[in-house]
Each structure stands twice: as C-alpha cells, then as structure tokens.
Amino acid sequence: MLAVSGILLLVFMSGRFIKYLAEAAAGELAGDVLFQIMAYRFPGFLELILPLGFFIGILLAYGRMYLESEMTVLFACGVSDKQVLGKTLVGSIPVMLTVAAMSLYVSPWGMKQVEGIFNEQRQATEFEMLAPGRFQSLSSGERVTYTEGLSEDKRRLEGVFIAEHGSEGLTIITAREGSQFVDDETGSRFLVLEEGARFEGLPGRLDYDVTGFDAYGLKIRSGSAGEKELEEGLSTSALMASDNPEHRAMLHWRFTLPLIVPIVTLLAVRLSRVNPRQGRFFHLLPAMLVYITYLGLLIVARDALESGKVPEWIGLLWVHAIFLALGLWLQFGPAWLYRRRLLREVR
C-alpha cells in the first residue's frame, strides 16, 4: 500500500506542481510559495490516493500468495475465507481512520491555507511578483516586464525593460536600475527607474517619441483587492450548517471517502484470487475496472445530489449499497450457491 500510494502521490502531485509552476512562470504566483501550496494540498491528495493504494496493495499481496500457493497452504491448515477477510478488514481500520481525518479535518484546513496564499498573491503588487531573467506579463497582459537582476528583498532591480501597450500605442522603457519608492502621503508605490530612456509610438510607424531620463517614476499597480473563497476550504461544521446544495453534496463526499476503504477491502479480498497459470497481474485489470466504476458512480451521484436530482436522505449511499452488495456476493455468493446445490442433490 505504501509503495503504490507513494508512486501515485508522486504522479498526481507532479502534475499539479507543473500547473502551479506554469502560473509562477506567467507571473500569477510567486515562486517561493509553490512548495507551501503543495504541502497544504498534500492531505487532499492523500485522502483520494490511500483507498486506491490499499486496494491495489491487497491485490498485489494476496495475488502473489495465491500464485505461490501460500493461500492453498493456509486453507489446508484450517484458515477460512472469513478469517482472511476479517483480518484484512481489521487492517483497513487504520487506513479508514486516516482517510476520515484527512477528509473531514486536515484537508479542509490545508485548502483554507491555500485559499489565503492565493488571495495574498492576487493582492500582491507587480513589483513583488517579478523574477529575474524572465519576461513576465502583468497588469492583465497590458504590461510586460523584464529585469536582469533583483535583490533578495525585491527592492532594487538591474537591467530593466518594460513594454506597455495601451489605446494610445506602445510604450517601451529601459533603465540601468530601479528601486521601489512609497509615497508617505498617499501610500502609493512607484518604481523609480534611473539612467534610461522612454520610447512611445504606434507599431509600424517610425515617428516614435524618445525621451532620455536620469530618473523616471512608474506607478506600481496592486492586484485585485477582492478575495476568492475556495469551497474545499470550508470546514465540515460549516458545511453541516449550510443549506446550499453544493455544500451539502461536498459534505456527503467527505463522509463518502472513509466508507470506500472497507468496501474496496471486501472487493479486493475476493478479486485477488488468481489461478497460477493466469499470471501475476491477470486479475488487476478487472479489479481496476470495478474500482474505476465505483469512483465514477460516486462522482455522478455527487453531481446528481448537487443539482437536486437525488434527495439528500439518499445522498451517495445508493452507490455504496451497490458495491457492498457486489462485494458480499463475490465473497459469500459462490459458497451459498454450492450449498444450495448440495442440498438439492441430497434431497
């Protein structure tokens, strides 16, 4: 389980990290907050991956025991199917409790921290979002800024290039260095450029206005002051007190994730049975199809609950009921049919 979960975490978190890295390259996020965001999002990845990792772990472990005839030896020594299932369910309890803690408490808290980071980044000034050696599109794409060097406190720049496109044409500013200045009276921030030139005109024409300067002040625009609230960051208690259908659907989803663990354990114990002649991974394909169908139906049920097509008292329980019945039938159905057939032959 740990090996499979580690690999899946690496895959999923790498994909998400690449997305945030692209946003940082575009100037939407500061590079120094990327690892903070990934750390806070880690519980959210873990709550989804642990059930799958445990499911595949059972399939791999028990499948190997069947291939090497260890299960045959256990059954010959008096170990029953019910004992194997019972001990596996006991082993699933810590996993279920971990998923429950992540889903109900830790993951919402982490997303709340991510929400705060995103809002801070949205309110950050252009000056704070700069990165040396990189062209960055700022101010909703109206301004492109480049600096060769940037001090650690982000207060001084070297080798500055700024291109701004507006209704009156294109403005290009170059400067040897720049520094940040704050007006004490208004609180406005300015980028004071030193020893440079300003070029202004229309693209395609040669009548540009060229102005050299010793010092030039350029106002630094602040980001949007509004805050965006992530629904995933709402606490479980807040969801329970809300009447919003989307919030109620999310609440059902959070309680659903821990319930997946015992049900997939029941399925995995039976689906791990394999004939030695079939190969080690023969049983993984149908088992994964069952798991994907299970998770897909849960997502469909969540959307249906969110849109009001399914009453809340049913919620997502009908999906769990279907796969719980499937697991019980796979585990005990063949033995029950065998006993029924024996009774008929005796009579």
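The values are calculated or read from the model by the stated rules, or taken from the named source; none is laboratory data. Since we're looking at a predicted model, the values are computed, not measured. Quick reminder, even Gly has a Cβ in these numbers, built from the backbone with ideal geometry, and neighbours come from all protein chains shown.
Restricted to the stretch 167-192, and to residues there that are under 12 Å from ARG155 (Cα atoms) and among the aliphatic types (A, V, I, L, M), the residue that is farthest from the chain's Cα centre (by Cα) is VAL192.
Quick check, is VAL264 outside any loop (DSSP other than H, G, I, E, B), β-branched (Val, Ile, Thr), closer than 21 Å to MET102 by Cα and modelled with pLDDT of 90 or more? Talk me through it step by step, then tell me what you get.
Details: outside any loop (DSSP other than H, G, I, E, B): yes; β-branched (Val, Ile, Thr): yes; closer than 21 Å to MET102 by Cα: yes; modelled with pLDDT of 90 or more: yes.
Yes, satisfied.
Can you tell me which residue among ILE49, ILE56 is over 25 Å from GLY233 (Cα atoms), among the β-branched types (Val, Ile, Thr) and crowded, with 19+ Cβ neighbours inside 10 Å?
Details: ILE49 fails: over 25 Å from GLY233 (Cα atoms).
From the options ILE49, ILE56, the qualifying one is ILE56.
The set of residues from the stretch 126-176 being charged (D, E, K, R), surrounded by 14 or more Cβ atoms within 10 Å (Cβ to Cβ) and at pLDDT 85 or above comprises just one member, GLU158.
Scanning the stretch 298-310 for residues that are more than 20 Å from the chain's Cα centre (by Cα) and in a helix (DSSP H, G or I) yields ALA301, ALA304, LEU305, GLU306, SER307.
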